[in-house]
Amino acid sequence: MKTDVESLWVFALAFKFKSLFSTNFACFTLLLVLTWLAINFIFWAHPGGPAWGKHKWRKFISIPINKPIPGPKGAPIIGSMKLMMGLAHHKIAAMAQSFQAKRLMAFSLGETRVIVTCNPDVAKEILNSSSFADRPVKESAYCLMFNRAIGFAPYGVYWRTLRRIAATHLFCPKQIKASETQRLEIANQMVAIFRARKSDFHVRDSLKLASLNNMMCSVFGLKYKMDSYNTSEMDELRELVDEGYELLGTLNWSDHLPWFAEFDVQKIRFRCFKLVARVNRFLRRIIDERKAETAMLHRDFLDVLLSLQEPDRLSDSDMLAVLWEMIFRGTDTVAILIEWILARMVLHPNVQERVHDELDKVVGRSSEVTESSITQMVYLAAVVKEVLRLHPPGPLLSWARLAIKDSIVDGQNHVDLSEVLGLSCEMASPLKVKVRPRRG
C-alpha cells in the first residue's frame, strides 16, 4: 500500500510540473511575441519606416545625429513596398510631394533603407560622386549574370576594364561610323513595313525588332530581314529578351526581406536559372561557330572579345555575361524611347510640324535621312533630349546607386554603406531654366 501511495504522489508532482511548464512556456512565448511587436512598432515609428528605425537604433552612438530625412513610415516589417508596384516613380513622386520632401526623402523597403531625390542639383551631386559608383544588384540581376557585366559590375578594376573595352571597340566614333550602313538598312526596312501596313498595329513591336536586329549585327555580325523575322532563332531571341525584362522588372520581395529569400515564393530565382541556361546555349552556339571559322570574315564586338590579350582577356563566363547584357539592354530601352518620341509628337502637333519643317529644310523630301545630316537638326535633337528628360527608360532601376563608402549628401545628410539612392521620380517635374523668346 505504501508503494501505491508513493507512486501516486510522484505522478501527481510530475503532472503538476508539466502543467506549470506548459503554462510558463506559453507565457514566455507570448512575452517574446509582444516584445518583438513592441520593438518593431518603435522601429516603424521612425521617419522613413522600420528599416531606418532599426538602423538608427544600432548606430546612434557611432553616427552623428542629424535631423531625420522626411518620408513615409509604410507598414511594419515590410515598410513602403507598395510604392514599388505599378508606376513606382509616379507613386514616389506623389509621396515626396505630400511630405514636402523637396530635396531628399527616405523610406523603407523591408530591411532596405532607400533615399530618393526629385531635385536635379542633388541628383547631379550624387551622380558625380565616386561614393555612389555602385548599383544595387537585385537577385534577378545577379542570377541573370549582370553582376559580371558593365551595368551591375561592382566599381573596381574589372568594371573599368569593361568600360574601356566597350568605349574603345563598340561605342568609339570609328565603330559607330562603320555601322552607319547597317542602321540605315534597318531603318529603310522599318519604314517599308510601316508603309505596307493596312490596319492598326503596335509600333513598339517593330521598334523592338529593329533595335534587336541592330544589336545582333553590332555584337555578332548577324543580320535578319525584318519582313521575314518569323525564324526560330529570332523568335527564341525575342523570348529571351522579353523574359529577362519581365524578371528584372518584377518586385522581388526576397531582395528586401532576407528571411523570405530562402523560399523563392515568387519563383523568380527558378525562372532566372532556366532563362540563363537557355541564354548560355544560344550564345555558346554562336561563339563556337565563330571560333571554328578560319578566315576573319567579321569585325564585330564578338571578334574583339575573342581577340583580347591579357590582362584584358575575359573568361568564357564573363564574355557570355557581357554579350548577353549588350543584347538585353540595347533592345527595349531604344524602342521605348522612340515610342515616347512618337507619342509626344502626336500629342503636340505643333512640335511635329516643326520637326517636319526642319527635315524638309535640311534633307528635303526626295532624299534619305543620313546620320551626317542629323547633326544639323537642332530642333530634333532638342525634342529627343526633352523626351529623355520626361520619360527616361527604366526611371528607377537605371538611376539607382549604392553607397560604397560613408559620405555626406546635400551638405548635411549622412549616408552609410548600405543605403540605396534612387535618383529618378516623376521626371516631368520642371527644371530651373532661363526662358528666351523664340526667334522666327
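The values are calculated or read from the model by the stated rules, or taken from the named source; none is laboratory data. Since the structure is predicted, the reported quantities are computational estimates derived from the model, not experimental observations. Neighbour counts are summed over all protein chains in view; Cβ atoms, including those assigned to glycine, are modelled from backbone coordinates with ideal geometry.
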Within the stretch 107-139, residues among the aliphatic types (A, V, I, L, M) and in a strand (DSSP E or B) come out as L109, V114, I115, V116
Of the candidates V346, V304, V351, the one satisfying the condition of being loosely packed, with under 13 Cβ neighbours inside 10 Å, hydrophobic (A, V, I, L, M, F, W, C) and either in a helix (DSSP H, G or I) or in contact with a strand residue (DSSP E or B) (Cβ under 9 Å, 6 or more places away or on another chain) (or both) is V346
If we ask which residues in the stretch 328-383 are in contact with a Ser or Thr (Cβ under 7 Å, 6 or more places away or on another chain) and farther than 30 Å from F220 by Cα, their number turns out to be 2
Exactly one of D288, D318, D357 is in a helix (DSSP H, G or I), not aliphatic (A, V, I, L, M) and not assigned by TED's automatic domain parsing to the domain that holds D242, and that one is D357
Restricting attention to the stretch 197-223, the residues that are crowded, with 18+ Cβ neighbours inside 10 Å and either more than 28 Å from the chain's Cα centre (by Cα) or among the β-branched types (V, I, T) (or both) number exactly 1
Picked from the stretch 241-285 (must be among the β-branched types (V, I, T) and in a loop (DSSP other than H, G, I, E, B)), the residue surrounded by the most Cβ atoms within 10 Å (Cβ to Cβ) is T250
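Looking at this structure, is E289 more than 19 Å from L170 (Cβ to Cβ) and either exposed (fewer than 13 other Cβ atoms within 10 Å of the Cβ) or within 32 Å of the chain's Cα centre (by Cα) (or both)?
So E289 fits the description; yes.
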Checked T117, T112 against criteria (under 17 Å from G71 (Cβ atoms), of a type in the set (S, T, Y) and surrounded by fewer than 20 Cβ atoms within 10 Å (Cβ to Cβ)); the one match is T112
Going through the stretch 140-163 in order, the residues found to be over 15 Å from the mean Cα position of the chain (by Cα) and in a loop (DSSP other than H, G, I, E, B) are Y155, G156
Of the residues in the stretch 73-103, those that are in a loop (DSSP other than H, G, I, E, B) and either aliphatic (A, V, I, L, M) or under 25 Å from H391 (Cβ atoms) (or both) number 10
Counting only residues in the stretch 364-386 that are modelled with pLDDT under 90 and aliphatic (A, V, I, L, M), the one surrounded by the most Cβ atoms within 10 Å (Cβ to Cβ) is identified as V369
Exactly one of N214, N252 is polar (S, T, N, Q) and closer than 30 Å to T112 by Cβ, and that one is N252
Going through (1) under 21 Å from the mean Cα position of the chain (by Cα); (2) closer than 30 Å to R271 by Cβ one by one, G74 fails only at (1)
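For (1) in contact with a helix residue (DSSP H, G or I) (Cβ under 7 Å, 6 or more places away or on another chain); (2) under 29 Å from L222 (Cβ atoms); (3) in contact (Cβ under 8 Å) with a residue 12 or more places away in the chain, each residue gets a yes or a no:
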{"residue": "D134", "(1), (2), (3)": "no, no, yes"}
{"residue": "A141", "(1), (2), (3)": "yes, yes, yes"}
{"residue": "C172", "(1), (2), (3)": "no, yes, no"}
{"residue": "K177", "(1), (2), (3)": "no, yes, no"}
{"residue": "L184", "(1), (2), (3)": "no, yes, yes"}
{"residue": "A187", "(1), (2), (3)": "no, yes, yes"}
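Assess whether E236 counts as being out of contact with any strand residue (DSSP E or B) (no Cβ under 8 Å at 6 or more places or on another chain), modelled with pLDDT of 85 or more and within 26 Å of S315 (Cβ to Cβ). Step through it out loud before you land on a result.
Details: out of contact with any strand residue (DSSP E or B) (no Cβ under 8 Å at 6 or more places or on another chain): yes; modelled with pLDDT of 85 or more: yes; within 26 Å of S315 (Cβ to Cβ): yes.
For E236, the condition - out of contact with any strand residue (DSSP E or B) (no Cβ under 8 Å at 6 or more places or on another chain), modelled with pLDDT of 85 or more and within 26 Å of S315 (Cβ to Cβ) - is met.
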In this structure, is A167 in contact with a Phe, Trp or Tyr (Cβ under 9 Å, 6 or more places away or on another chain) and not in a loop (DSSP other than H, G, I, E, B)?
no
